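Taking it in order: structure first as structure tokens, then the write-up.
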Amino acid sequence: MGKRKIVQEANPTSNTIIAAYSSTHINYFTRRYAMPGKAYFHKHDEAFKQLLDPDSSIKLLLEVEEYPFAHEAGVFFADTDDLFITSNRISTRTDGPYVQISRVNFGEKPFVEELKGPSLDIPMGNGGINYNDGVLFCSQGSMTTPSGLYWMSRSPPYQSHCLISDFYGRQFNSLNDVVVHSDGSIWFTDPIYGYEQGYRAKPELPCQVYRFDPSNKSIRAMADGFGRPNGISFSPGEKVIYITDTDWIHGDGTTDGMRPSSIYAFDITYHSGQPFMTNRRLFAMAADGIPDGIKCDMDGNVYSGCGDGINVWSPGGVLLGIVKIDGGAANFCFAVEVSSGSFAENLIGIGCYSPKTTLCSAYGQQYDLSSTIDNCHPKDGLFSATTQVRDTSS
């Protein structure tokens, strides 16, 4: 499909923008709280106002009708205005499902470029992060290629190589999301969605969280006891790590209301000079759908893409408010001086937050955010528009 022109260029009115994109499981979410065809802020706590700016901005930027191109990753590079994303699972090829890796550029003439080579070399790409001047992807693997962590250059010809693909000889299940600690170690989650969706063999490992140290190639299992560990993020200062458990929904789309759709917090403590995930506790539960992607701002507030949009909790687990997006939001990223935004499978939109709050993304960058989302019509693509904030009480 090559490059596809962005439908409507954005005129960003803020320094920083939040990018969010809808869930793979958009059809399975119970959208009890999502207003059809709308995106707006829903205030649950007065503290949410401190994150909002009176001037809202959201516009349609990119829409791709053919397939759900914006699902995971969302790795932004401010110096080139590039946003790297992975699609939802696509099943149009005779040789099995695949995931399309794309580069969205927000320069003077914005476009989206489908990266054919990396999409083949990094089987079923999923979560990603800025790493060593490139993109570190989670590859979910296939029946013939193990799941693993892959580094990809962010410039043509987008060369890539695998960092790790097993736990001392036992293959990972289907790596989902990844974050990098300031000490250089790489932490990632490993659920079994690949097996459930038919493109991975029977699991050889429990659903766990791992830590990989590139300096000495050591790999440790850090936490178990999850149904399907998914999103992962450190708090400011890296004293707490958050893991989302999306066991509520299985790979075939079936749901079980008795299973977790929750965020768990762990303290990072050190013993014999090594980090451990301790003091596991339930931090929050998604009221609608599952908490997928997760990140923190510099004040420690926690953001997660859920079935009704981007939910925001205080560091104490109090729901402050929701960036309501019809159909929900699986993932999101923070960007600077570019019109990226809220991803809704075939749409990507913009949401900017108040300059009063500095946000820290899971991609190892820190940004000041400065505006808000209101009316929009997300489905599958990139969007933005200008409007006023509507505070709605719960």
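The values are calculated or read from the model by the stated rules, or taken from the named source; none is laboratory data. Quick caveat, the model's predicted, so the values are computed rather than measured. All Cβ positions, glycine included, derive from the backbone under ideal geometry; neighbour counts span all protein chains shown.
Things to note:
- Pairs linking a residue in region 95-116 that is over 15 Å from Cys333 (Cβ atoms) and free of Cβ contacts under 8 Å to residues at least 24 places away in the same chain to a residue that is surrounded by fewer than 19 Cβ atoms within 10 Å (Cβ to Cβ) and of a type in the set (Asp, Glu), with Cβ atoms under 8 Å and 6 or more positions apart or on different chains, do not occur.
- Residue match in region 159-180 (condition: polar (S, T, N, Q), over 30 Å from Thr269 (Cα atoms) and surrounded by fewer than 20 Cβ atoms within 10 Å (Cβ to Cβ)): yes
- Qualifying residue in region 265-276 (condition: closer than 30 Å to His42 by Cα, of a type in the set (Phe, Trp, Tyr) and free of Cβ contacts under 8 Å to residues at least 60 places away in the same chain): yes
- Selection within region 82-102 - at pLDDT 85 or above and either over 22 Å from Ser153 (Cα atoms) or in contact with a His (Cβ under 7 Å, 6 or more places away or on another chain) (or both): Thr86, Ser87, Asn88, Arg89, Ile90, Pro97
- A search for C-beta distances below 6 Å between a residue of region 118-145 that is in a loop (DSSP other than H, G, I, E, B) and any residue that is surrounded by 24 or more Cβ atoms within 10 Å (Cβ to Cβ) and charged (D, E, K, R), counting only pairs 6+ apart in sequence or on different chains, returns Gly141/Arg200.
- With respect to the stated conditions, Asp79 is at pLDDT 85 or above, of a type outside the set (Ser, Thr, Tyr) and surrounded by fewer than 17 Cβ atoms within 10 Å (Cβ to Cβ).
- Selection status of Thr92, in contact with a strand residue (DSSP E or B) (Cβ under 9 Å, 6 or more places away or on another chain), more than 22 Å from Gly194 (Cα to Cα), surrounded by fewer than 22 Cβ atoms within 10 Å (Cβ to Cβ) and in contact (Cβ under 8 Å) with a residue 24 or more places away in the chain: no
- Selection of region 202-239 for residues being among the hydrophobic types (A, V, I, L, M, F, W, C), in contact (Cβ under 8 Å) with a residue 60 or more places away in the chain and under 23 Å from Pro315 (Cα atoms) yields Val209, Ile232, Phe234.
- Residue within region 190-203 that is among the hydrophobic types (A, V, I, L, M, F, W, C), surrounded by fewer than 19 Cβ atoms within 10 Å (Cβ to Cβ) and in contact with an Asp or Glu (Cβ under 9 Å, 6 or more places away or on another chain) present: no
- Qualifying residue in region 201-209 (condition: among the basic types (Lys, Arg) and either closer than 25 Å to Phe332 by Cα or modelled with pLDDT under 95 (or both)): no
- Considered as a group, the residues in region 255-289 that are touching a strand residue (DSSP E or B) at 6+ places or on another chain (Cβ under 7 Å) and among the acidic types (Asp, Glu) include one that is modelled with the highest pLDDT, and that residue is Asp267.
- Output for region 232-261, where each listed residue is part of a strand (DSSP E or B) and surrounded by 20 or more Cβ atoms within 10 Å (Cβ to Cβ): Ile232, Ser233, Phe234, Val240, Ile241, Tyr242, Ile243, Thr244, Asp245, Ile249
- When residues of region 303-328 are limited to those that are within 13 Å of Ala47 (Cα to Cα) and assigned to a strand (DSSP E or B), the one modelled with the lowest pLDDT: Ile322
- When region 88-123 is filtered for residues that are of a type in the set (Gly, Ala, Ser) and more than 15 Å from Ser139 (Cβ to Cβ), the ones remaining, listed by number, are Ser91, Ser102, Gly107.
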